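Below is one structure, written out as structure tokens, with a few remarks after it.
The values are calculated or read from the model by the stated rules, or taken from the named source; none is laboratory data. Everything numeric in this text was worked out from a predicted model, so none of it was measured. Using ideal geometry, Cβ is built from the backbone for each residue, glycine included, and neighbour counts are taken over all protein chains shown. The accessibility values were calculated without ligands, DNA or RNA, using every heavy atom of the protein model including side chains. Shrake-Rupley method; radii C 1.70, N 1.55, O 1.52, S 1.80 Å.
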Amino acid sequence: MTEQPPEPPEPFEHVDEDWRTALAIVPHPDDMEYGGAAAVARWTAQGKRVVYVMVTSGEAGIDSMDPGECGPLREAEELASARVVGVDTVEFLGYPDGVVEYGLPLRRDIARVVRRHRPDIVITSNFRDTYGGRTLNQADHVAVGRATLDAVRDAGNRWVFRELLAEGHEPWNGVRQIWAAGSPGAKHAVDTTGSFELGVASLAEHKAYLAGLGAPGGGMADPREFLEGVGRGAGTRLGTRFAVAFEVFPLR
Ligand SMILES: [Zn+2]
């Protein structure tokens, strides 16, 4: 599960931090917390604004809990997680957890949130087939990441999804870069040494989800163990104690 290729890793470059607003678009409550929350804590402490958009409510994430009960619980846990790292706006698009499809409705709905929030930076999950090695990615992450890449450009084109114009959402061409957190293609990272504890506290707010993983969840059920492992790996390549890595896609 946690095998790491032993090849000597290339050093990471620092991500650009000269921006004001970021919009994070991910499939599930917990996606930001398993990757980027410590980075978000750093940025909100710098006075930046970060908004979260969850494409699903993560209602298929706890085996022992019916989705009808699970969805609202996971939304509440996500709001608490976000608050820990200085994020006060979390929106849920209501797509069905586990079976999100790449397609025009998803692109349109993501383009709408991009036009509404007008971010400089858009953050999404790793959408590559794996996390590196043979650790398979999950289908919703692939669909949402790919749709986000396309929807950011749709958001800037007046003549794509004209119903958005009719709703009053003018095009937004201000997104400078899209960042995919935790991608095996990452060449950039941000130093999270100073905000690492907030990242752990943010993930720990997913109490029911973490309890549902239980002992067989291994490293993923223990916020500190999981985030230390990932954070150290990225930090080593950035020259810091801890870091969060991103694959960066420039748009201009
Ligand atoms: Zn996820």
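With an 8 Å Cα cut-off and a minimum separation of 6 or more residues, compute the relative contact order for region 72-159 in percent.
Relative contact order, region 72-159: 34 percent.
Would you work out which of 192, 211, 179 lies farthest towards the positive end of the dipole of the chain? Charges go on Cβ: Lys and Arg +1, Asp and Glu -1.
Selected residue: 179.
How would 230, 84, 200 rank on accessible area, largest to smallest, probe 1.4 Å?
230, 84, 200
Using the heavy atoms of the protein chains alone and a 1.4 angstrom probe, what is the accessible area of the chain per residue in square angstrom?
Result: 46 Å² per residue.
Restricting to Cα pairs below 8 Å that are 6+ residues apart, what does the relative contact order work out to for the chain? Please round to a whole percent.
26 percent
Indicate the gyration tensor shape class of the chain (rounded, prolate or oblate), computed on the Cα atoms with a ≥ b ≥ c the square roots of the eigenvalues: a/c under 1.5 is rounded; otherwise a/b larger than b/c is prolate and the rest oblate.
Because a/c hits 1.5 or more and a/b fails to exceed b/c, the chain counts as oblate.
Picking from 21, 54, 80, whose Cα lies most toward the positive end of the charge dipole for the chain (charges on Cβ: Lys, Arg +1; Asp, Glu -1)?
21
Looking at the square roots a ≥ b ≥ c of the eigenvalues of the Cα gyration tensor of region 56-142, which shape do they give, rounded for a/c under 1.5, prolate if a/b is larger than b/c, or oblate?
Verdict is rounded for region 56-142.
Please list the non-local residues whose amide H lies under 5 Å from the amide H of residue 92, H modeled 1.01 Å from N, same-chain partners needing a gap of 5 or more.
54
Given a 10 angstrom Cα cut-off, can you work out which residue in 134, 49, 153 is the most mobile in a GNM of the chain?
134
Counting other C-beta atoms within 10 Å, and keeping those with at most 16, which DSSP coil GluC sites (Glu not before Pro) do you find in region 150-243?
Qualifying residues, ordered by number: 167.
Name the most mobile residue of 101, 59, 69, meaning the one with the largest mean-square fluctuation, in a Gaussian network model of the chain with Cα contacts below 10 Å.
Top of the fluctuation ranking is 69.
Can you give me the % of accessible surface on region 77-146 that is carbon or sulfur? Probe 1.4 Å, all protein chains present, nothing else counted.
51 percent
As a test of reading the structure, rank 159, 43 by solvent-accessible area (1.4 Å probe, protein chains only), most first.
My answer, sorted largest first, is 159, 43.
As a test of the formula, what do you get for the chain when each DSSP H run with n ≥ 4 contributes -39,500 (n - 2.57) and the sum is divided by the residue count, at 222 nm and rounded to the nearest 500 deg cm²/dmol?
Calculated at 222 nm, the ellipticity per residue is -12000 deg cm²/dmol.
Sort 65, 54 by heavy-atom solvent-accessible area, probe 1.4 angstrom, most to least.
65, 54
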